[in-house]
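What follows is a single structure, written as structure tokens, with notes after it.
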Amino acid sequence: MSAPTIATTMREQFVQTIDNALDTDPRVAVVLAEISADRFEDAARRHPRRVLNVGIREQAMVGVGGGLALTGLRPVVHSITPFVVERPFEQLKLDLGHQGVGAIVVSTGASFDYPTAGRTHMAPGDVALIDTLPGWTVHVPGHPAEVDALLRSALPGDEPVYLRLSERVNAEPLVTGPGWHTVRTGGEGVVLAVGPMLDPVLSATAALDVTVLYTATIRPFDAAGLRAAVHAATSDVVLVEPYLRGTSTHEINDALADVPHRALALGVRRDQELRAYGTTEEHEAAHGLSPTAIAASIRHFLDGATR
């Protein structure tokens, strides 16, 4: 069997993978609230009972997904990040979590991939919100090929899964398995890069003697992998996530509870509200997520360890 053709964007790859799955797996169902409905028109004609568009009713979208899961189907619920996590959060908590059923919740737009649409289409707090719900697997892929593999691994199950798509992609796919994977080794610190932050981190640390670890699956958190990397290097840890700064800091502290350590969290800042539309690059710069800003933050942090 030939390898699947990989799309150029994560969103395109999501549609392609799920479109194929609808033809091969009778459990798969898609629930939409207008967003991406045009991309599933052909699939809806082939499978009208398993491709549902509820209109601009995001709470109903998740509720319908929960109902389908109760019948034994594997619902895939999809919209732009704030419309699939923030607006229907109560339904994620009750219609999925409290009922003990799962779905694959797929967002697109990440933290601020659609800046010209304004603050309504931005949701840097999505992973932090999902993190308040027990039992969720959270995937943050860095490349369309990782989207395909992560979806294929999630479809046969029944557990709740959050898949966060972004317009920002790494140059090459790396891994899709769980846990931290070593990209580069060094002796002066450990830098954790999540999803599409890998390329900026590699650029930022090119001249630094640090270990760089990568994951496309941030929950469950790989405590053992972090501990092994710290043991081989130092216990100065830098976490670079493409969403709310510090979302996984508590996981680092829990993993290293018996190890004296320092942790620096980089991500979308919590102390400012940007009210200008701007570009994605301008938002990244404002939050200190450009390669130059990441490098400066890491250098300053590591310099503090030697004083």
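The values are calculated or read from the model by the stated rules, or taken from the named source; none is laboratory data. Note that the structure is predicted; figures quoted are calculated from it, not measured. Cβ placement follows ideal geometry from the backbone for every residue including glycine, while neighbour counts extend to all protein chains displayed. Only protein heavy atoms, including side chains, enter the accessible area calculation; ligands, DNA and RNA are left aside. Shrake-Rupley method; radii C 1.70, N 1.55, O 1.52, S 1.80 Å.
Can you find a residue that is basic (Lys, Arg), within 21 Å of the chain's Cα centre (by Cα) and assigned by the TED database to the domain that holds Thr205 anywhere in region 264-277?
Among the residues of region 264-277, at least one is basic (Lys, Arg), within 21 Å of the chain's Cα centre (by Cα) and assigned by the TED database to the domain that holds Thr205, which makes the answer yes.
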_Counted residues, region 252-270 - those being over 20 Å from Pro200 (Cβ atoms) and surrounded by fewer than 19 Cβ atoms within 10 Å (Cβ to Cβ)_ = 9
*Would you mind stating whether Thr9 is under 21 Å from Glu159 (Cα atoms) and either modelled with pLDDT of 95 or more or open to solvent by 80 Å² or more (accessible area, probe 1.4 Å) (or both)?*
no
_Criterion: over 18 Å from the mean Cα position of the chain (by Cα) and open to solvent by less than 30 Å² (accessible area, probe 1.4 Å) - qualifying residue of Gly125, Gly97, Gly72, Gly118_ = Gly118
*Inside region 174-193, can you point out the residues that are assigned to a loop (DSSP other than H, G, I, E, B) and either free of Cβ contacts under 8 Å to residues at least 40 places away in the same chain or of a type in the set (Gly, Ala, Ser) (or both)?*
Gly177, Gly179, Gly186, Gly187, Gly189
_Unique residue being within 16 Å of the chain's Cα centre (by Cα), β-branched (Val, Ile, Thr) and open to solvent by 50 Å² or more (accessible area, probe 1.4 Å) when the list is Val194, Val183, Val175, Val169_ = Val169
*Across region 23-69, what is the number of residues that are outside any loop (DSSP other than H, G, I, E, B), open to solvent by less than 40 Å² (accessible area, probe 1.4 Å) and more than 18 Å from Lys93 (Cβ to Cβ)?*
9
